[in-house]
1. Which residue pairs have Cβ atoms under 6 Å apart, sit 6 or more places apart or on different chains, and have a first residue in the stretch 116-145 that is among the basic types (Lys, Arg) and a second that is surrounded by 12 or more Cβ atoms within 10 Å (Cβ to Cβ) and part of a strand (DSSP E or B)?
2. Could you tell me which of the residues Leu89, Leu39 is surrounded by 17 or more Cβ atoms within 10 Å (Cβ to Cβ) and either in a helix (DSSP H, G or I) or in contact (Cβ under 8 Å) with a residue 24 or more places away in the chain (or both)?
3. From the residues in the stretch 90-118 that are in contact with a helix residue (DSSP H, G or I) (Cβ under 7 Å, 6 or more places away or on another chain) and not β-branched (Val, Ile, Thr), which one is nearest to Thr72 (Cα to Cα)?
4. Could you check Pro148 against (1) without any contact (Cβ under 8 Å) to a residue 60 or more places away in the chain; (2) of a type outside the set (A, V, I, L, M); (3) closer than 22 Å to Lys68 by Cα and say which number it fails?
5. What tally of residues in the stretch 113-146 results from selecting those that are in a strand (DSSP E or B), more than 15 Å from the chain's Cα centre (by Cα) and among the charged types (D, E, K, R)?
6. Just to verify a result, which residue in the stretch 48-76, among those that are charged (D, E, K, R) and closer than 20 Å to Glu14 by Cα, is surrounded by the fewest Cβ atoms within 10 Å (Cβ to Cβ)?
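The values are calculated or read from the model by the stated rules, or taken from the named source; none is laboratory data. What you see is a predicted model, and the numbers here were worked out from it, not measured in a lab. Methodologically, a virtual Cβ is constructed for each residue, glycine included, from the backbone with ideal geometry; neighbour enumeration extends over all protein chains shown.
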Amino acid sequence: MTTYTDEQVAHLTEGSLDWETTFRMLSMPKDHSRFEQYLKALQAKVPFKERIVLPLGPHLYIVQNAAKQWVTQCDCGHVFGDYRENWKLNAAVYVRDTEEAMTEVYPRLMAPDTQWQVYREYYCPSCGAMHDVEAPTPWYPVIHDFEPDIEAFYRDWLGLPIPEKAA
């Protein structure tokens, strides 16, 4: 199995890796060290020292804080709260629920009917990074995407030690 350098994985996370290597990485089975290399590359990009346990998106992570708790955190350092809770409830939200707001995204005749669908954009209240967009009906509650089973992921999928956390 091919092993890639930390530099190649860092370029992959930045989107600056050459296409031939990217294609080879995507089409071949993952080597056992890749996730650790990926976390190392992500950790090098963020200004905080808390350990990244699991990336949730391009700028959103579950990290282990100084108290050994797992929290959802933006790459600017803003903490949204416990990883098991819906981080969106602590985000800045912009709801596109008017025709004018929708036509900022879609041409007028292609925009959804706001009686049937709205866009909810979730932003970091500290740095303004957009973390997610939902397109539910107007009355639908905030969607909790998922609650990862980090212990099973590390133990069963990666075969790595589970990051220690407070009880």
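1. That search, which allows pairs on different chains as well, returns Arg120/Val93; Arg120/Val95; Arg120/Glu134.
2. Answer to the check: Leu39.
3. Filtering the stretch 90-118 for residues that are in contact with a helix residue (DSSP H, G or I) (Cβ under 7 Å, 6 or more places away or on another chain) and not β-branched (Val, Ile, Thr), the one nearest to Thr72 (Cα to Cα) comes out as Arg96.
4. Just one mismatch for Pro148, condition (1).
5. Looking only at that region, the number is 1.
6. Lys49
Table: residues versus (1) surrounded by 13 or more Cβ atoms within 10 Å (Cβ to Cβ); (2) at pLDDT below 95; (3) within 30 Å of His32 (Cβ to Cβ).
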{"position": "Val79", "(1), (2), (3)": "yes, no, no"}
{"position": "Thr114", "(1), (2), (3)": "yes, yes, no"}
{"position": "Cys127", "(1), (2), (3)": "no, no, no"}
{"position": "His144", "(1), (2), (3)": "no, no, no"}
{"position": "Asp149", "(1), (2), (3)": "no, yes, yes"}
{"position": "Asp156", "(1), (2), (3)": "no, yes, yes"}
{"position": "Gly159", "(1), (2), (3)": "no, yes, yes"}
